[in-house]
1. In Å², nearest 100, what accessible area do chains A and B bury in total when the solvent probe is 1.4 Å?
2. State which entries of A:89/A:379; B:172/B:347; A:89/B:336; A:296/B:23 exceed 25 angstrom in Cα-Cα distance in the structure shown.
3. What does the accessible area per residue of chain B come to in Å², with a 1.4 Å probe and no ligands, DNA or RNA counted?
4. If you split all Cα-Cα distances of segment B:67-325 into 10 Å bins from zero, what percentages do you get per bin, shortest first?
5. For chain B, with all protein chains present and a 1.4 Å probe, just round the carbon and sulfur fraction of the accessible area to a whole percent.
6. Cross-link candidates for residue B:137: which lysines have Cα within less than 27 Å, leaving aside residues fewer than 8 places away along the same chain?
7. Calculate the translational D of chain B in whole µm² s⁻¹ from Stokes-Einstein, where the hydrodynamic radius comes from the Kirkwood formula applied to all Cα pairs, the temperature is 10 °C and the viscosity 1.306 mPa s.
8. Tell me the accessible surface of residue B:361 in square angstrom (1.4 angstrom probe, heavy atoms of protein chains only), to the nearest ten.
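The values are calculated or read from the model by the stated rules, or taken from the named source; none is laboratory data. Fair warning: this is a prediction, and the values are worked out from it, not measured in the lab. Please note: Cβ atoms are built from the backbone with ideal geometry, for glycine as well, and neighbour counts cover all protein chains shown. Each accessible area value is taken on the protein alone, full model and side chains, heavy atoms only, with ligands, DNA and RNA left out. Shrake-Rupley method; radii C 1.70, N 1.55, O 1.52, S 1.80 Å.
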Amino acid sequence: MSYHQATYDERLLNEFRSGSTFKIPGDGSAAEKLLPSGMARKELPLPSLAEYDAVRHFTRLSQMNYSVDLGIYPLGSCTMKYNPKYADKIVSMEQFAEMHPLQPDYSVQGSLRIMYELQEYLKKISDMDAVTLQPLAGAHGEFTGILIVRKYLEDTGQLDMRREIIVPDSAHGTNPASAAMGGFNVVEVPSDSTGMVDIDALRSALSEKTAALMITNPSTLGLFERNVVQIAKLVHDAGALLYYDGANFNAILGITSPGIMGFDIVHFNLHKTFATPHGGGGPGAGPVAVKKRLEKYLPIPRIGFDGKRYFEDFSSDKSVGRVSPYYGAFGVLLRAWAYITYHGSDGLEANSRKAVLNTNYVSRRLSEYLSDPYGGVKKHEVVLSSSNTGERALDIAKYLIDNGVHAPTIYFPLIVKEALMIEPTETVNRDDLDAFCDAVIGSLKAGHEDLHQRPVNLSVGRIDEIKAARDQILTWSAIKK
Amino acid sequence: MDFIGIKSDEELFSDIPSSIRKKGIPISRGISEYEVMRLAEEIGSANTGYNYANFMGCGIYDRIIPSAVDSVIGRSEFITSYTPYQAEFSQGMLQSLFEYQSLISDLTGMDMTNSSIYDGATALGEAVRMAHRINEKTEILVPENLYRSKMDVIHSYSSGLNLKFISYSFEKKTGYIDLEDLASKISANTSAIICENPNSFGVIDPNVMKVQEIKGEALLITYVDPVSLGVVVPPGSYGADISVSEGQQLGIHREFGGPLLGLFSFRKEYLRKSPGRIIGLTSDSKGKRAFVMTIQTREQHIRREKATSNICTNQALMALASAVYLSIVGPEGIRKIANVTISQAKKLKDAVSSVRGYDAKFLSGTSFSDVLVRMPGDPADIQRALFEKGILGPIPSSSLFPNLEAFAKSGFFSVTEKTSDGNIRFLADSLGAIQ
Ligand SMILES: Cc1ncc(COP(=O)(O)O)c(C=O)c1O
């Protein structure tokens, strides 16, 4: 094994002394007298370094950071697929990058058209009736969906009664957190032994108090919820709404859709399914789509088109209002538009099929070594458990990164012990899938001791997380000299 | 397929009932990269104004961005990575975000800063929720002139809580906080007071420094312009408990309003009540300095419905951009940028006020970037007439604070360090010519 990550003993920015080289034109000397008395800042303790030092600093740091452009990044639930470079070019075109969000409609017809077309794309992909692009990430989309649930209940006089939102125990943490943020009580339902929502438990959880059920399909176990039609009927018969967490859309493009399954509200994660770069943690975008009867509650403005011009549509007086101040993360929306336009109907569906094929390949190879708690065909990801091996998922993860491949998501979903949640995506070749599987298998042969001392090939060794939480050093000023 | 033992990939979808199968997506088929780029260019050509003399600001500004910012954040090691769940593999992003937290804490004079919230408005929404978590009180005092869009976002953010928003007024002459009115509205139920500096009139407000004397037990939430902090006293020095900002000005392109950056800082005693991801310094098994996400027991993946926020994906790349920006600009640079901004605002005030019918001095306070101007006609008409001359602006006040009818015939012209004297003259001449 010859992998080695670049390693620097990189100083902190405030340990550089070269002095700033930055210049701007203009003369600000008149400003001092203009400041109201007592308002002038005396000390400004920022580091002062030359641009060449700053660039070298961040370039060295970048070399201590694994990324999709370096190889497989099978982080389950995150859809870390290749991010096309044409989208980088398009977002940096000045006719998009240098637009002010409060420019008048007549000057922004291009940007509005992009957003209108994206709304239309998302409707056709999801078989829903109306879309808002305003939410800024998946969790923000969930929260927007919850606000729509609230507004619908308020409008129909049911808000006082329907106070509960049901989520399965396999749900992503943002689902219960978003429901609680919207003021609802969260009721958890268990999964059955095949990983499906336990129908009997759902039946007894549903009542006249239920506001909505939030589910992810395929679930966070990478399994398609076979009973989804029955679930939709149960929920609707109980007078509640059905929410679809679209984080896992990459499994079903062109194959099925939340609209057909009977969902009322859906959010998309454009940074997952539509390949906008994850940026080291963000930005993302989390558009929300709804069925006709909920359209009037969507945030305003949405983007309309009257056959000639595109416009901001503020017409609904039942709207939940705004969840962000402008149109949403336009740069992310533009990238997603470019991705969908490039791949088209044929490419999107082919991508989903390949992603599912890749997952099943990995699943087949690795289930000989790790336990597969639910069996069956997988969708976009597979969740395996290392509890049969005596090794912890954490240690396996450290072995993998030490060998230059990113680890799966670990310890999620919470209902699988020692979970390894693997989502290869469609943008990995067969050799790299094999290399990943070989590394997982290698970790199981390495032995306890070897695993525990890893990583040794990276810029740092195993990190002490407990010390971080205890010391609470969150800025350089908190470092004891 | 052979290996998995299937003949067709259809078999992998046998678990999806045929009644809910979709027959393809009814959109056009894929095209080549070359065609996508041409199409984007063609659609983009319907956008105009980006190369005009620009006077639009009010929250989103056209500032000088050193080329190195785009070059660093465009490095694929950063832009194509994700949340640093595997810390040992991701020290680059972790250290950068730790530096971001440090830079923003230094700039705002606050103890701690999280590693980002979506944007300034949602950061304000999170701040209101955090204040309520801290003291469980229910009244939030807000400036009467807070932009409607921000108010709408905090309303959304607090819809699950039973909060009451009470507005306080401003002095008619200066545009400053009316301290007497504010004091009269503070009560035992006040959870927090929101103060802006510069405020929504664009005015640098010395009265924010006096709020700490009258606030009693209420928390102080400040919404500040980060560039102004190059020369204006920071919120940490006048008693802010939570300070938030829109960080777009720190090296991020306007991009039609997104992605943006929410700066979120607070006093250290409130750490456990705070939202968002936080990076901490620690060491590795050999004692070497290392960074890791920490204090995660507040977050959704652990606390689920009891989390302090639902935020997961944040604005890490934008936070990186602002860290690169601040490291290149440095303390002298940010000072000069702020000073030039104030000087150009003054020049614009003088120039515009010299045009008949326009008054940019009816508020006596010092403007930072945004200059509020009374106009002889409908600001939207003036905007259109100026647009035809190659000028972007004004932003009508009615679109920002529609509740204040006295400002129906006013609007903002904004400046930055990019605004040249020549463009200020061009604006004044054009205003004269369109009468
Ligand atoms: C299943 C699921 N739902 C929701 C989310 C939240 O999305 P975001 O991180 O964009 O807020 C995620 C993200 O990881 C997810 O995997």
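1. On the way: alone 23770 and 21650 Å², together 29730 Å².
Separately minus together, A and B give about 15700 Å² buried.
2. On the way: A:89/A:379 32 Å; B:172/B:347 23 Å; A:89/B:336 32 Å; A:296/B:23 29 Å.
Going by Cα-Cα distance, A:89/A:379; A:89/B:336; A:296/B:23 fall outside the 25 Å limit.
3. Per residue, chain B has an accessible area of 32 Å².
4. In order of increasing distance, the bins hold 7, 31, 35, 19, 6, 1, 0 percent.
5. On the way: 6690 of 13700 Å².
C and S atoms contribute 49 percent here.
6. Result set, ordered by chain and number: A:151, B:150, B:164, B:185, B:210, B:215, B:268, B:273, B:306.
7. Working: Rh = 23.8 Å.
Value of D from the Cα-based Kirkwood radius: 67 µm²/s.
8. 110
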